[in-house]
Amino acid sequence: MGVRTRARSLAGDLVGAGLDQVVARHLPETPLGPGDLRATWFGAASVLLDDGRTRLLLDPFVTRPGMLRVGLGFPLRPDGVGVERWLDRLGARGTAAVLVSHSHYDHLLDAAVFARKADAILVGSESTANVGRGAGLPDDRIRVAQPWTPMQFGAFEVTFLPSEHAPALLGRVPYPGAIPIPLRTPAPARAFRMGAVHGIRVRHPAGSLVHLASAQVGSGTFRDTSAHTVLLALAGRASTERLLEAVVDALGARRVIPIHWDDLFRSLARSLRPLPSVGLAGFFEDVSRLRPDLEVATLPMGQPRTLFGGG
Ligand SMILES: [Zn+2]
């Protein structure tokens, strides 16, 4: 092996560290049973929940502009063709609601377009609502989530739990503040101010879960709340141990499914890579050391898996 080849393969190992764990922990493909709750993860914090009758999209984001475009403050424009393609691939037309955890571009840039094309309502903070208004969604298709107040979509009960954002960018919370007036795209990443941050609790006859799209919670986020499964963002976490205490222990969760670990600057048309700063391999090591009995499962990119059997 020549020096150059060796250097490249070492770099490749570094970039992909932890991917083997992701693949080894994929939930198995199972026949679809009546009442099953299925989840499809499609990069970053994007998740489709589907029980065969009702569909919910959480933080759907497929445009994934490159790091330079984001970092240099170029205007970002939702990829409408990409949204259409993903709606078809996911079988997500006729989705009841698009739920948005907070208003950063990697959670919200595409959400209003998904809502419009899928005939869904857009649900999130006042800042999220302002992106919906800027995208021309009518008022009756926008709902500002009231914290702690359950909403019903078919058999799904959805509750927005006030939370916090991890200091994910050089030790700081990126783009703080709110979006006070309707925001039209194209707009630079910094225009997508964070707004209120929420964990999203989903209860269903088949099972309960929490979608946590940033690796931090508020002190009271999970008070009086339990959930079997956590879809847990890894990006920006300071300490796996503290995150497990604040989330898994607080919820009494039995299973963690990592999300928001992949390189979100890389097109979904390419193979997935972990974002190096996420320390993906370290997460798996930490969990097996700190919580050896906790199930850590993963979702394969863009493929539905049964989270909870309905039978
Ligand atoms: Zn964020």
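From (1) at pLDDT below 95; (2) within 21 Å of VAL287 (Cα to Cα), pick out the condition that doesn't hold for SER219.
Among (1) at pLDDT below 95; (2) within 21 Å of VAL287 (Cα to Cα), the lone unmet condition for SER219 is (2).
Select from the stretch 142-168 the residues that are away from the ligand (no atom under 16 Å from the Cβ), part of a loop (DSSP other than H, G, I, E, B) and hydroxyl-bearing (Ser, Thr, Tyr) and list them in ascending order.
THR149
In contact with a strand residue (DSSP E or B) (Cβ under 8 Å, 6 or more places away or on another chain) and farther than 22 Å from VAL247 by Cβ - does that describe any residue in the stretch 164-183?
no
Would a scan of the stretch 132-140 turn up a residue that is within 16 Å of the ligand (Cβ to nearest atom) and at pLDDT 95 or above?
Quick first cut of the stretch 132-140, residues within 16 Å of the ligand (Cβ to nearest atom) only: none.
Looking for residues that are within 16 Å of the ligand (Cβ to nearest atom) and at pLDDT 95 or above, one finds none in the stretch 132-140, hence no.
What residue, among those in the stretch 197-219 that are aliphatic (A, V, I, L, M) and away from the ligand (no atom under 12 Å from the Cβ), is nearest to HIS107 (Cα to Cα)?
Residues of the stretch 197-219 that are aliphatic (A, V, I, L, M), as a first pass: 197, 200, 202, 206, 209-210, 212-213, 215, 217.
If we keep only those that are away from the ligand (no atom under 12 Å from the Cβ) as well, we get 200, 202, 206, 209-210, 217.
Working: ILE200: 13, VAL202: 18, ALA206: 26, LEU209: 19, VAL210: 16, VAL217: 17 Å.
That would be ILE200.
Let me confirm something: among PRO276, PRO258, which residue is buried (at least 19 other Cβ atoms within 10 Å of the Cβ) and of a type outside the set (A, V, I, L, M, F, W, C)?
Numbers: PRO276 fails: buried (at least 19 other Cβ atoms within 10 Å of the Cβ).
The unique qualifying residue is PRO258.
Answer yes if at least one residue in the stretch 169-178 is in a loop (DSSP other than H, G, I, E, B) and away from the ligand (no atom under 16 Å from the Cβ), and no otherwise.
Just the residues of the stretch 169-178 that are in a loop (DSSP other than H, G, I, E, B), to begin with: 170-171, 173-178.
Filter once more, so that each one left must be away from the ligand (no atom under 16 Å from the Cβ): none.
No - not one qualifying residue is present in the stretch 169-178.
For the stretch 95-123, what are the residues that are assigned to a loop (DSSP other than H, G, I, E, B) and either within 16 Å of the ligand (Cβ to nearest atom) or among the acidic types (Asp, Glu) (or both)? Spell out how you get there, then give the answer.
Taking the stretch 95-123 first, the residues assigned to a loop (DSSP other than H, G, I, E, B) are 95-96, 100-104, 109-110, 119-120.
Listed by number, the residues that qualify are VAL100, SER101, HIS102, SER103, HIS104, LEU109, ASP110, ASP119.
Quick one: LEU183 ticks every box in (1) assigned to a loop (DSSP other than H, G, I, E, B); (2) within 15 Å of the ligand (Cβ to nearest atom) bar one, so which box is it?
So the condition that LEU183 fails would be (2).
The values are calculated or read from the model by the stated rules, or taken from the named source; none is laboratory data. Computed from a predicted structure; not experimentally measured. No Cβ is skipped: glycine too gets one built from the backbone with ideal geometry, and neighbour counts run over all protein chains shown.
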